[in-house]
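Reviewing the structure listed below.
Values quoted throughout were computed directly from the atomic coordinates according to the rules given, and no laboratory measurement underlies them. Quick caveat: nothing in here was measured; it's all calculated off a predicted structure. A quick note on method: Cβ atoms are made from the backbone with ideal geometry, for glycine too, and the neighbour counts reach across all protein chains shown.
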Amino acid sequence: NNSQEIFFHMNLPETAFITSFVIEINEKEYEAYLKEKQEAKEIYDKAVASGQSAGHVAASSRDSNQFKISVNVEAMGKIKFTLKYEELLQRTLGVYKQVINLNPGQTVRDLQVNVYITESSDIKRLFVPEIKVTNEIETDEKENKIVNITRPSDNKAVIHYSPNVNDQKKVGGSCFEGQFIVQYDVDRIHPCGQVLIDEGYFVHFYAPEGLNPLRKLVVFVLDLSGSMFGRKLTQLKQAMTTILDELREGDYFSIVDFSFSVTVHNLDSPIGSIVISPDSRSHQDEIKLPSSLEVQKAYPATKDYVNKAKQIIFKMTADGGTNIYDALKTAIKVSQKAYEKIRNDLKDTNEEALEPMIMFLTDGEPTVGMTNLGSIRSMVRELNIPRTAIYSLGFGYGADMNFLKKLSLENGAFGKKIYEASDADLQLRNFYKLISSPLLSNVTFTYLPSQVDDNSLTKKDFRSLFHGSELIVAGRLLLNDEVQIDVHSLSSNGTASCTVQGTKIPVDKTEGSAGIVPVEDKKVYGSLERLWAYLTVKQLLDKQETLDEGTDRNESTKLKETALNLALKYKFVTPLTSLVVVKPNQTDAITELEEDSGKNDGLLAPSYAMPIVPQFMSSGSAAYSFPGS
């Protein structure tokens, strides 16, 4: 009988773009609109000055952003929120995974989740595990028994989940919450992948199968500063023990640890390990390592050397500061020298293919030696030629993930946050699984200039392709329905190449129990064109993030402008744009997405979602009604 403030909040995957948000009250719709951040700031300031709360966000689910807005509802009134987002599902460890966050705040008499999948190839390995109720990794996923799956055809699937009140209580008691997850893969017939064409755009999905992994050279760079003391160090040791066991015959590895100084471990004779003190020289000085390091080698992943490495890991202790720069500089030199030696040793064996990588883990910011993050990145770029991929792991709240992600992007890899929780060792092991099996290196996609607008192409040169992953390239065609693509790479058997032609696809609709759900409710732009725009905006923002605002200001500004114009055209909420939420009878408010703080290790965050999964792009659409109380 009273008016009430109603909150709508939803956890979104960190790679998703919101594309639409509508509030419906008394059969009248109020649709949010997109503005450039600076332009939207005036609206935000006006909302704050008038005493109205702007839409604010919080985050507590791993690898996610959270959208949140509040609206006053009159007594006995009803309100419906509809939010749509788009996400390109990333294939990892052999499957696509659609994660849907659920939390209506209570048990619900009529709760439904419908997922519609339409692929151009046959769907396989479709699996829906039980509702995930914690952030932590589960090693033994059990099948969700109350899910109904129908297969209208080999390339379509409809998943229906409608738990009754008792089912919900079994999951979360009186407050049902968790993640509904759908996993699947598709058949891959052509060894050169699949190229789809629609309305002047193409997308190439490339995930070859049946390849043997490349030999790899891994330099493990481990933070042993004082902040790693206790549980984090214990979990690191547990993870490294398993990771070392997973090295393959033919692989090579080296172990470097750092705190105040840097240690390069000698597995043949521990007393022969090299300890390098902090480098106090200026940024411009020539960089040289001790001559003794010139002969330091990586070790073959034999059982004997793996056991010796485990003994060193077991004895590690945490103490002192964080000397990130010298650790990276040393690891790069170790990798370069070892790579050169191993390649020479293998020259006459027809097995020269070797993938070098650095797995760099830290839980803090630099406190010893060079501490300026921009200078560290600059020096690493200068030193790391030819490039060794640097995969960065930020362990816990103290790690600067912004720095680590930029560092990895600049050096042919990616960064990942490891959350402080009881499953941190599993997180570390799962990260290693992602990069443990490189199948191809130096993968390049080439096109006939008469068929493709070269300026429209998304990233087409890739350092590596890993087992269970997928490379995706998109672009605009000069001829509406023709494209030929050549793929060149280096495999375990030497140079590899293949050619594939594009296939025109129809705009499809998926039939399910709720009727026909189109790929786009309002098809202003084709599905492949939107996928191209999504990839382009993501990659422009990634590239802009790695630029130095001082020396690369003009290029940075140009990249921002291009990304902003695309985001506004295709209505993507990005770091450059803000969603202006129109509130009934209130001042308009700005709502922004905030990435996960990583500080919630317990239950998953509240969110409301009923997603739709169309072709290739995963779109979320949430619609809930709340009566006034």
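Results, tabulated for the structure shown:
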{"quantity": "Of N384, N430, L354, farthest towards positive along the dipole that unit charges on Lys, Arg, Asp, Glu beta carbons give region 215-436", "calculated": "N430"}
{"quantity": "Protection proxy ranking of 417-425, 491-499 - average other beta-carbon atoms within 10 Å, highest first", "calculated": "417-425, 491-499"}
{"quantity": "Flagged links, alpha-carbon separation over 25 Å, of K142/K169; K156/K460; K232/K308; K84/K569; K68/K132", "calculated": "K156/K460"}
{"quantity": "Peptide ranges 158-168, 257-267, 235-245 listed from the most packed, as the mean C-beta count within 10 angstrom indicates", "calculated": "257-267, 235-245, 158-168"}
{"quantity": "³J(HN,Hα), Karplus 6.51/-1.76/1.60, whole Hz, each residue of region 444-460, x for Gly, Pro", "calculated": "10, 9, 10, 9, 6, x, 7, 10, 10, 6, 4, 6, 8, 5, 6, 3, 10"}
{"quantity": "log₁₀ of I(q)/I(0) at q = 0.10, 0.17, 0.19 Å⁻¹ - region 215-436, Debye sum with one point per alpha carbon", "calculated": "-0.39, -1.27, -1.66"}
{"quantity": "Kirkwood Rh in Å, taken over region 209-272 so that all alpha-carbon pairs contribute", "calculated": "13.7"}
{"quantity": "Cleavage-rule hits (GluC sites (Glu not before Pro)) in region 147-221: DSSP loop, at most 16 neighbouring Cβ within 10 angstrom", "calculated": "E199, E209"}
{"quantity": "Of the trypsin sites (Lys or Arg not before Pro) in region 310-411, those whose Cβ has at most 11 other Cβ within 10 Å and which sit in DSSP loop", "calculated": "K315, K347"}
{"quantity": "Estimated vicinal HN-Hα couplings, Hz - region 423-429 in sequence order (Karplus 6.51, -1.76, 1.60; Gly, Pro = x)", "calculated": "9, 4, 5, 5, 4, 5, 5"}
{"quantity": "Dipole in debye (nearest 20) - region 215-436, about Cα centre, beta carbon charges: Lys, Arg +1; Asp, Glu -1", "calculated": "220"}
{"quantity": "Unit charges at the beta carbon, dipole of region 215-436: most positive-side option, I313, L409, L236", "calculated": "L409"}
{"quantity": "Exceeding the 28 Å Cα-Cα cut-off - candidates K216/K405; K35/K558; K341/K538", "calculated": "K341/K538"}
{"quantity": "Rg over Rh, two decimals, region 439-501 (C-alpha only, Kirkwood Rh)", "calculated": "1.00"}
{"quantity": "Amide H within-cut-off set for M370, under 5 Å, with H built and near neighbours excluded", "calculated": "D279, Y325, D326"}
